[in-house]
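Structure first, commentary second.
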Amino acid sequence: MQYVFVVDTNKVPQNPVHPASARRLLSSGQAAVWRRYPFTIILKTVGLGPLFAQPCRLKIDPGATTTGLALLQGNRVLWAAELTHRGQRIKALLDARRAVRRSRRQRKTRYRARRFLNRARPDGWLPPSLASRVANILTWVRRLERVCPLGALSQELVRFDTQLMQNPEISGVEYQRGTLAGFERREYLLEKWHRTCAYCGAQQVPLEEEHIIPKSRGGSDRVSNLTLACVPCNQQKGTQTAAEFGHPEVQAQAKRPLQAAAAVNTARWALYRVLQTTGLPVEVGTGGRTKYNRSRLHLSKTHWHDAAAVGASTPDTLRLRHITPLLITAMGHGTRQRCRTNASGFPIAHRARQKRVFGMQTGDVVKAIVPKGKYVGTWISRVVVKASGWFDIVIHGKKASVHQQHCARLWAADGYQYTLAAAAATLFPPRTQSPGSPQRFL
Ligand SMILES: [Zn+2]
């Protein structure tokens, strides 16, 4: 389950409520459904005001393909999501567009001015695939800001904190005790040795921290004497130094500290700057601390668990057992390319000018009530519209063709696809409920 967001009649965010309370409010007519994603109800009265709402903290673990989101109030997780980005898809689309333009220029047509090397990149420019990741996350921060009393943000910014790791004395008790420092050190080593065994190059195997000059031979615990080795290599090396083991290059590489710039992730820093524009305080954490918190709280490795464990503000206990994350996938807003080409770049089809067909468009979530035939039944699915009136929806994981007259829109396309986890479906009020309410959120 997930907590249900509540806004009052003036759309002022209230404390999120347990789904049972939301159901009571809906069935007694004190509230109506306002948004389906994230599921929000709107009270018919003025709420208690923002002063009575307990501030929530949104924690973000940005990833290359998937970003984890977790919303905490005190030590309780109220809502979680996993946001899957478009990444490579954007690059592929831009490549395709480039190919179409190139082919057009080469054909015997009127002269078209070149459209490359004619634009300057502004400061802080990000490749479109990365920019879209940052924009996806900002969109969701803004959406949550509108429906819940958001007071602070936490973001994982870097993999490890070099300064804290190298100078344990500047960072207080926690680092000196070493548990957290160990996690930071491990992240540093993974980055420095590219997640491979330094001796045989093995990847995707358990790696151990290994002393280049063994401790028994007077080697120190400093990171400059540490590397990563797979279990067989570590055992085979025994009490030899790396040079004696036949790998003098490991000794040489270990002396070079990892350049700070090498570990800087542009997209994460761009996200950090963008989050600051929300005006909310942004706490930043390291990957080492996230792992430390996650193992301390005995959480499994999922994106939203990682998000819940980001930052020093993570409480000592977390109440999250009943949470089902909402799975969100960025889908984009369709294409403006009217001409479809075959694999060789020849135009083969032209798309209609308008996106809307019979009042619906691709990406809407529809409820299809099919009275007879192969697909008889009631289905809720994302739709792909066709001018013929035969729309594609997904039934039992397969594409099915359903006529538009059986479809009613529940949710307008907003660039994201939502996986209707079982929990989210049960949150939707029963059909007997105020028939006017579903239109409220369109
Ligand atoms: Zn090895």
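A compact table of results
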quantity	calculated
Given (1) within 16 Å of the ligand (Cβ to nearest atom); (2) at pLDDT below 90, index of the condition Met165 fails	(1)
Selection from the range 223-257 of residues that are in a loop (DSSP other than H, G, I, E, B), among the charged types (D, E, K, R) and more than 24 Å from Asp161 (Cβ to Cβ)	Glu244
Count of residues meeting criterion [away from the ligand (no atom under 14 Å from the Cβ), in contact with a helix residue (DSSP H, G or I) (Cβ under 8 Å, 6 or more places away or on another chain) and hydrophobic (A, V, I, L, M, F, W, C)] in the range 232-257	2
Test for Lys399: is it farther than 29 Å from Lys91 by Cβ, touching a strand residue (DSSP E or B) at 6+ places or on another chain (Cβ under 7 Å), assigned to a strand (DSSP E or B) and among the basic types (Lys, Arg)	no
Strands (runs of 3 or more DSSP E) wholly inside the range 278-382 containing at least 2 residues that are modelled with pLDDT of 90 or more	282-286, 326-330, 365-370
Test result for Gly279, within 16 Å of the ligand (Cβ to nearest atom) and exposed (fewer than 12 other Cβ atoms within 10 Å of the Cβ)	no
Tally of residues being small (Gly, Ala, Ser) and either closer than 15 Å to Glu156 by Cα or modelled with pLDDT of 90 or more (or both) across the range 47-73	4
Evaluation of Leu43 against (1) in contact with an Asp or Glu (Cβ under 6 Å, 6 or more places away or on another chain); (2) free of Cβ contacts under 8 Å to residues at least 24 places away in the same chain (one fails), failing number	(2)
Single residue of the range 189-200 satisfying the filter (buried (at least 17 other Cβ atoms within 10 Å of the Cβ) and within 10 Å of the ligand (Cβ to nearest atom)) that is nearest to Phe245 (Cα to Cα)	Tyr199
Candidates Gly415, Gly397, Gly389, filtered to the one that is closer than 30 Å to Arg133 by Cβ and in contact with a His (Cβ under 7 Å, 6 or more places away or on another chain)	Gly415
Tabulated pairs, the range 234-248, first modelled with pLDDT of 90 or more and surrounded by 12 or more Cβ atoms within 10 Å (Cβ to Cβ), second of a type in the set (Asp, Glu) and outside any loop (DSSP other than H, G, I, E, B), C-beta under 6 angstrom, 6+ apart or interchain	Asn234/Glu208; Asn234/Glu210
Selection within the range 33-85 - farther than 30 Å from Lys367 by Cβ and aromatic (Phe, Trp, Tyr)	Phe52
Filter pass, Ser220 being more than 16 Å from the ligand (Cβ to nearest atom), more than 23 Å from Thr66 (Cα to Cα), modelled with pLDDT of 85 or more and not in a strand (DSSP E or B)	no
Considering residues of the range 1-45 that are among the hydroxyl-bearing types (Ser, Thr, Tyr) and over 28 Å from the mean Cα position of the chain (by Cα) only, the residue farthest from Thr419 (Cα to Cα)	Thr45
Residues located in the range 201-213, provided they are within 12 Å of the ligand (Cβ to nearest atom), closer than 21 Å to Lys255 by Cβ and either touching a residue at least 40 places away in the same chain (Cβ under 8 Å) or surrounded by 13 or more Cβ atoms within 10 Å (Cβ to Cβ) (or both)	Leu207, Glu208, Glu210
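The values are calculated or read from the model by the stated rules, or taken from the named source; none is laboratory data. Values in this document were obtained by computation on a predicted structure and should not be read as measured data. A quick note on method: Cβ atoms are made from the backbone with ideal geometry, for glycine too, and the neighbour counts reach across all protein chains shown.
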